[in-house]
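This report refers to the structure that appears directly beneath it.
The values are calculated or read from the model by the stated rules, or taken from the named source; none is laboratory data. Note that the coordinates shown come from a computational prediction; the quantities given were computed from them, not determined experimentally. Here the Cβ is made from the backbone with ideal geometry for all residues, glycine too, and neighbour counts use every protein chain on show. Accessible surface areas use protein heavy atoms only, side chains included; no ligands, DNA or RNA. Shrake-Rupley method; radii C 1.70, N 1.55, O 1.52, S 1.80 Å.
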Amino acid sequence: MSKTAALGAVSAFALAGCVTQPEMLTQSDREEFSDFLTDAAFADQEPITGPLSLPEAMARALKYNLDHRVSMMEASLAARDADFSRYDLLPQLVVNSAYYARDKEPGASSRSLITRRQSLEPSQSTEQYGFASDLTLSWSILDFGLSYIRAKQLGDEALIAEERRRKAINETMQDVRAAYWRAASAQRLSDQLNALQQQVEDAFLDSRELFEARRTAPLSALTYQRELTEIQAEAQALELELVSAKRELARLMNLPMGMDFEVIVPSRQEATPEFSMRLGDAMEVALENRPEIREAAYRVRMGDRAMKEAVLEALPGIDLYAGYNYDTNDFLFNDDWVAYGAKASWNLLKVFNAPDRYDRAAARAGIERERALATAVAVTSQVHISLMRYEKLRDTLDTAKQANDVQAEILDQIEAGATSGQVSEQTLVRERMNKIVTEARYDLAYAEVQEAFAALYAAVGYDPFGNDITGREGVGTVAESLSLLWNEREAPAAP
């Protein structure tokens with residue numbers, strides 16, 4: 001090949017690389033990706049065969065929640081990166097092969113340094129065409145030390161990713177419990193709320209007709225209509241909150257939007273779960289188990305290792321090598337040979353700036369320690385607040401139960417009075433509506449207690465599932481394990 005032709009080929013390849021333009025997705029590409037998202041998002045899920053229990057809802061979130069699956073994959077990828085980094089600790093084993101050719105035969109002559117005359121006519125010591133190869137094993141002691149520290153840091157990164165996965169699933173399980181109890185309340189009160197809406201509308205129209213016909217006291221009629229409107233607005237707000245909880249539960253379990261399902265409606269329990277751990281013990285456990293605390297500890301350790309790395313980078317490097325070589329050049333007396341040796345090198349610029357790099361690493365390590373202290377304060381405060389919130393919500397639940405019981409007694413009296421003709425139909429409708437509202441408040445208060453109870457265990461850093469669960473088990477197996485775990489945790493307290 002001529003020089004002109006070779007230069008033209010290289011230029012053509014270079015120009016081809018320069019004309020690359022970004023390609024927008026076509027309509028077909030977007031439709032194909034949309035179909036992929038629709039099919040893959042809900043693929044490989046066990047079908048729902050009946051009403052869902054709370055353990056089954058938690059099990060489905062554990063297995064199919066997409067946010068949790070992403071955090072699991074991130075943790076798995078970080079672990080693989082840590083494993084892969086171990087190869088950097090090994091020596092390098094490099095194979096080189098080369099074919100060489102010239103359009104003219106190589107040759108050279110010598111000139112005397114004394115007489116400045118040519119002392120040897122042009123001669124050849126290398127063939128015009130040939131093949132050479134070598135296999136070289138080399139090992140840098142300095143690179144080994146730096147790679148060891150970096151592998152340890154990647155291992156810490158993998159552990160941090162695992163702690164973030166723990167935090168994500170804790171938050172998901174807490175949301176599942178809250179959404180489940182609200183969804184159960186919505187299912188329990190659905191028919192009553194629908195009937196309530198109709199009763200309010202009928203009562204409002206009747207009162208309006210009497211008011212417009214001047215057959216009742218105007219102020220009494222308007223006051224009654226105002227009460228009806230207020231009760232209807234509160235009932236609508238409660239219904240919206242309860243119905244939204246079912247959609248939120250479906251999202252957490254990664255069910256297709258619009259898919260209808262039912263939950264098992266538990267009977268109302270007068271006893272509530274009891275968190276028996278004292279505040280001081282809970283704080284101590286949180287400082288040992290919380291994902292944020294463990295992540296802070298790993299980052300502090302990474303900062304200490306970065307300081308060691310700054311010191312190592314200033315040391316001289318020693319490279320050891322040994323290799324086998326082969327060449328087809330017939331002019332060589334030995335066409336194969338073994339070469340070995342050692343080489344020392346020292347980057348003096350890194351020696352000069354080593355103090356600055358060490359100070360920078362020390363400053364970052366100091367920041368991580370301060371961040372760890374701030375995290376510890378935040379965690380202990382969260383434990384305290386979570387425990388106080390749980391106790392207050394239990395009091396709120398007691399109040400909601402009392403209000404529900406009192407309203408039930410009032411309704412019994414009103415219904416008895418209505419039967420005997422002593423109480424008006426308007427009063428009866430109003431108290432029936434009040435009874436449904438107090439029931440909904442009671443259910444929501446119980447749901448908040450359950451959510452706060454799960455938040456307490458998340459605050460101290462306890463995992464919401466046992467060590468026997470890996471996520472690869474079936475929904476039934478996971479649900480059974482979760483049921484045993486949470487039944488043990490929910491030792492009821494006296495009402």
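Summary of values
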quantity	calculated
If the convex hull is drawn through the Cα atoms of region 357-495, its volume per residue in Å³	192
Folded to 0 to 90 degrees: helix 291-312 orientation relative to the chain principal axis, Cα	20
Solvent-accessible surface ranking, highest first, for Tyr457, Tyr324 at 1.4 angstrom	Tyr324, Tyr457
Length released on extending from Glu230 to Ser97, taking residue separation times 0.36 nm less the Cα-Cα span	39.2 nm
Sorted peptide list for 140-146, 61-67, 204-210, 335-341, criterion being average Cβ within 10 angstrom, highest first	61-67, 140-146, 204-210, 335-341
Inter-probe distance in nm under a simple model that places probes 7 Å from Cα toward Cβ, at Arg247 and Leu205	2.8
Assigned charges on the beta-carbon of Lys, Arg, Asp, Glu; the chain dipole about Cα centre (debye)	2080
Most positive-pole-ward Cα, Asn289, Ser276, Ala250, against dipole of region 233-301 from beta carbon charges	Asn289
By accessible area with a 1.4 Å probe, ligands and nucleic acids excluded, highest first: order of Tyr100, Tyr180	Tyr100, Tyr180
Percent RCO, i.e. relative contact order, over the chain, from Cα pairs under 8 Å lying at least 6 residues apart	23
Helix-derived mean residue ellipticity, 222 nm - over the chain, DSSP H n ≥ 4, -39500 (n - 2.57), to 500	-23500 deg cm²/dmol
From phi via Karplus (6.51, -1.76, 1.60), per-residue ³J(HN,Hα) for region 126-138 in Hz, x at Gly/Pro	9, 6, 5, 10, x, 9, 10, 8, 8, 10, 10, 9, 10
Calculated from backbone phi, Karplus (6.51, -1.76, 1.60) coupling profile of region 165-176 in Hz, x at Gly/Pro	5, 4, 5, 5, 6, 4, 5, 5, 5, 5, 5, 4
Residues of region 315-345 with amide N under 13 Å of the 7 Å Cα→Cβ point at Ser125	331-334
C-alpha long axis of helix 354-419 to longest principal axis of the chain, angle in °	20
Positive-end extreme of charge dipole, region 126-260 - chosen from Tyr224, Met259, Ala235 (charges on Cβ)	Tyr224
Of Lys63/Lys167; Lys63/Lys246; Lys63/Lys152, pairs whose Cα-Cα distance is over 23 Å	Lys63/Lys152
Gained length - Gln118 relative to Asp191, 0.36 nm times residue gap less alpha-carbon distance	15.0 nm
Net lengthening on full extension, Arg472/Phe84 (0.36 nm per residue, minus Cα-Cα)	137.2 nm
The chain: equivalent-ellipsoid semi-axes (sqrt of 5 x gyration tensor eigenvalues, Cα, Å)	78, 30, 21
FRET efficiency estimate (nearest 0.05) - Cβ-Cβ, Ile48 to Ala363, R0 51 angstrom	0.40
Vicinal HN-Hα couplings computed from phi for region 78-84 (Karplus, 6.51 cos²θ - 1.76 cosθ + 1.60; Hz; Gly/Pro x)	5, 5, 5, 4, 5, 5, 5
FRET efficiency for Arg215 and Ile264, using Cβ-Cβ distance with R0 set to 41 Å, rounded to 0.05	0.25
Helix 425-460 axis, angle to the chain major axis (alpha carbon atoms, nearest 10°)	30
FRET E, pair Arg30, Glu288, Förster distance 35 Å, beta-carbon r, rounded to 0.05	0.10
